[in-house]
């Protein structure tokens with residue numbers, strides 16, 4: 001697994017070292033969250049959305065060779081459409097085109 005923690009070429013565009021480190025040590029619950037205006041959980045005092053954070057660490061990074069784009073070029077879909085269910089098995093990494101096709105409309 002190629003982690004952004006030890007790969008200087010892979011930019012940490014959305015997360016900080018301490019957030020990733022705490023998550024990998026099982027201390028995600030130390031982060032306080034709140035709802036953003038669109039109904040997604042985000043880390044308090046941050047712009048980082050919880051579902052994007054989980055998808056990046058649990059899905060994208062372990063399978064980085066399966067993706068042709070940097071993570072920030074993907075969207076994260078909630079399979080059950082529940083924006084508060086951020087379990088890795090409920091998240092799917094898609095291109096904007098794939099996500100729009102799935103929902104049947106264009107995102108702005």
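Here, each number is a calculation from the coordinates, and none is a lab measurement. None of the values given here were measured: they were computed from a predicted structure. Every residue, glycine among them, receives a Cβ derived from its backbone with ideal geometry; neighbour counts consider all protein chains shown.
Between residue 58 and residue 98, the modelled label-to-label distance comes to 1.8 nm, taking each label 7 Å out from Cα in the direction of the beta carbon.
Highest mean packing first, where packing is the average number of other Cβ atoms within 10 Å per residue, the peptides 63-71, 91-99 line up as 91-99, 63-71. Mind running the shape call on segment 44-108? Use the C-alpha gyration tensor, a ≥ b ≥ c as the square roots of the eigenvalues: rounded below 1.5 for a/c, prolate if a/b tops b/c, oblate otherwise. Rounded is the answer for segment 44-108, as its axis ratio a/c remains below 1.5.
Of the peptides 72-84, 40-52, the order by per-residue mean of other Cβ atoms within 10 Å, starting with the highest, comes out as 40-52, 72-84.
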